[in-house]
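Below you'll find the structure, written out as structure tokens, and then a few comments.
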Amino acid sequence: MNFRSPRILPWLTVVTLTAGFALVFFFAPNDADQGFIQKIFYLHVPLAICALVGFMVAAVQAIIHLRGGDSKWDVRSYVSIHISIILGVAVLITGAIWARASWGKWFVWDEPTLVSFLIVFLLYCTYYPLRYAIEDRERQARYASVFAVTAGAFVPLNFIAVRLAETLVHPRVFATSDSGLPPKMWITFLVCLAGMGLLWETLVRFELAAKSSRARLGRLRRALEGDDVGVAGSRIAPLAHGATETS
Amino acid sequence: MNAFRTILGKDLRTELRTLESIPAMALFAATTFVLFRFGLDRTSLEGSLAAGVLLATVLFAAILAINRVFVSEREQGGFDVVRLAPVDGTALFAAKVCVLAIYLVVLELIAVPLFALLFLDSAAGLAPLALVLAMVDLGLATIGALVSSIAINSRARDLIAPLLLLPLLVPVMIAAAGAAEPLLAAGGPSYDGFGKWIAVLALYDVVFGLVGYAVYDFLLED
């Protein structure tokens, strides 16, 4: 698999994220209402946005997979969901810390965004048991893509429903004043968001590279040991356990 | 259209002859009401508690039917027949959505009066509640048919279907409970936010109807 500029991207990620966090601590002003703890916003919100966008990207990749039947897109969709779920864990943890610091509780049921995210996260967690429950590779890929498309349509719907259900009584960073965030906070936030987006992309690339080299290794092993060389074909194993069967 | 009618007729006839799903669902609902009576230690319910008990019961009873709706297709080769026949796969999907919706309506015709009899002080809210439940049924049936056909071909299908379904049904529960709560309120029904919630339910039904229509063929081809 050929990745464009494989070395530049991680460095760009490190630089942007470092710059972002430097801005968070030395440039962005402390929030008038919440004080220092509001700075977790620069970590929590970009993580959440990247995770949700990642789920949508996975849905688009799943559509491409279903339309064209190229299993490469299934692997991409799988990796997108995988990385987004990992970011999702971080979102829930940072969200809980923020909620604890601002409102005194680890989880707040009338904070719509937090609740929506939990539901979406739970839904995407079922992606793994679904994949593992279907043995036939080709069918597994197809069903996983159908799931990714369905869940992708679910994400915005869920946010609408949860938001309508709650009364917005809690302080929201984007709405603390009439004009929204002050410019210094906006700049910091956007740099952090860009850094997190780059991090997502880097992790996806690394995971894809790891998957393809693991599959190649498996194929070489099988070629050396001489049993069913043809079976693996040239495609990447969409499943982590699939490629390491011989080890 | 012909295939749709044939599959729907076949499923309804099978259900009439074997009585496999609906009596089980009704019995399940009745038992769940009894469990809630003791679990909540309440002899009468109103407002959000009434809406929650009724909707949670309908939702879990629906899972029973959703788990079963494709079993005969798989075990007796219905999928292969649909694949072999020169018909559109979506006819199967549409038929199964209708079957599930009909099961749910029949279930509610039994369970809702029973619920009113056991827990409600006044039946005034039941007429507008019927509209909410009809929208819920459509949503449950659509997403149920979709998830069920994913789960049926997996190893642990009884596990996978509820696992996928429950998070997907959260918006239905939110909207239906939001609409039903003022209808079942203690002081008589009110229509607080009724239109908004019906709109959310309609949006849900339409979106997942379209998603099901778009992806269903991929679940059939083998």
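For beta carbons closer than 7 Å, sequence separation of 6+ or different chains, a first residue in the stretch B:112-128 that is part of a loop (DSSP other than H, G, I, E, B) and a second that is open to solvent by 60 Å² or more (accessible area, probe 1.4 Å) and not charged (D, E, K, R), there are no qualifying pairs.
Restricting to the stretch A:220-247, name every residue that is open to solvent by 60 Å² or more (accessible area, probe 1.4 Å), at pLDDT below 85 and more than 28 Å from A:G88 (Cα to Cα).
Let us first name the residues in the stretch A:220-247 that are open to solvent by 60 Å² or more (accessible area, probe 1.4 Å), namely A:220-221, A:224-225, A:227-231, A:234-235, A:241, A:245, A:247.
Those still in the list that are at pLDDT below 85 too: A:225, A:227-231, A:234-235, A:241, A:245, A:247.
Of everything in the stretch A:220-247, those that are open to solvent by 60 Å² or more (accessible area, probe 1.4 Å), at pLDDT below 85 and more than 28 Å from A:G88 (Cα to Cα) turn out to be A:E225, A:D227, A:D228, A:V229, A:G230, A:V231, A:S234, A:R235, A:E245, A:S247.
Restricting attention to the stretch A:31-65, which residues are assigned to a helix (DSSP H, G or I) and open to solvent by 40 Å² or more (accessible area, probe 1.4 Å)? Within the stretch A:31-65, A:F36, A:I37, A:L43, A:I49, A:V53, A:M56, A:V57, A:V60, A:I63, A:I64 qualify.
Any chance you could count how many residues in the stretch B:182-198 are among the aliphatic types (A, V, I, L, M) and open to solvent by 50 Å² or more (accessible area, probe 1.4 Å)?
To start, the set of residues in the stretch B:182-198 that are among the aliphatic types (A, V, I, L, M) comprises B:183-186, B:198.
Next cut, open to solvent by 50 Å² or more (accessible area, probe 1.4 Å) only: B:186.
Final tally of qualifying residues: 1.
Scanning the stretch A:100-155 for residues that are open to solvent by 40 Å² or more (accessible area, probe 1.4 Å), within 9 Å of chain B (Cβ to nearest Cβ) and part of a helix (DSSP H, G or I) gives A:L122, A:C125, A:P129, A:Y132, A:E138, A:R139. Cβ-Cβ contacts under 6 Å between residues 6 or more apart (or on different chains), taken from a first residue in the stretch B:155-176 that is within 7 Å of chain A (Cβ to nearest Cβ) to a second residue that is open to solvent by 40 Å² or more (accessible area, probe 1.4 Å), are listed as B:P167/A:L122; B:I174/A:A165.
Would it be correct to say that A:T167 is modelled with pLDDT under 85 and either touching a Pro at 6+ places or on another chain (Cβ under 6 Å) or among the hydroxyl-bearing types (S, T, Y) (or both)?
Working: modelled with pLDDT under 85: yes; either touching a Pro at 6+ places or on another chain (Cβ under 6 Å) or among the hydroxyl-bearing types (S, T, Y) (or both): yes.
It is true that A:T167 is modelled with pLDDT under 85 and either touching a Pro at 6+ places or on another chain (Cβ under 6 Å) or among the hydroxyl-bearing types (S, T, Y) (or both).
Listed conditions (1) surrounded by 23 or more Cβ atoms within 10 Å (Cβ to Cβ); (2) under 30 Å from B:E75 (Cα atoms) are all met by B:L166, apart from (1). Taken together, the residues in the stretch B:60-80 that are hydrophobic (A, V, I, L, M, F, W, C) and within 14 Å of B:L12 (Cα to Cα) amount to 3.
The values are calculated or read from the model by the stated rules, or taken from the named source; none is laboratory data. Source: prediction; values computed, not measured. Note: ideal-geometry Cβ built from the backbone for every residue, glycine included; neighbour counts use all protein chains shown. For the accessible areas, the whole protein counts, side chains as well, though only heavy atoms, and no ligand, DNA or RNA atoms are used. Shrake-Rupley method; radii C 1.70, N 1.55, O 1.52, S 1.80 Å.
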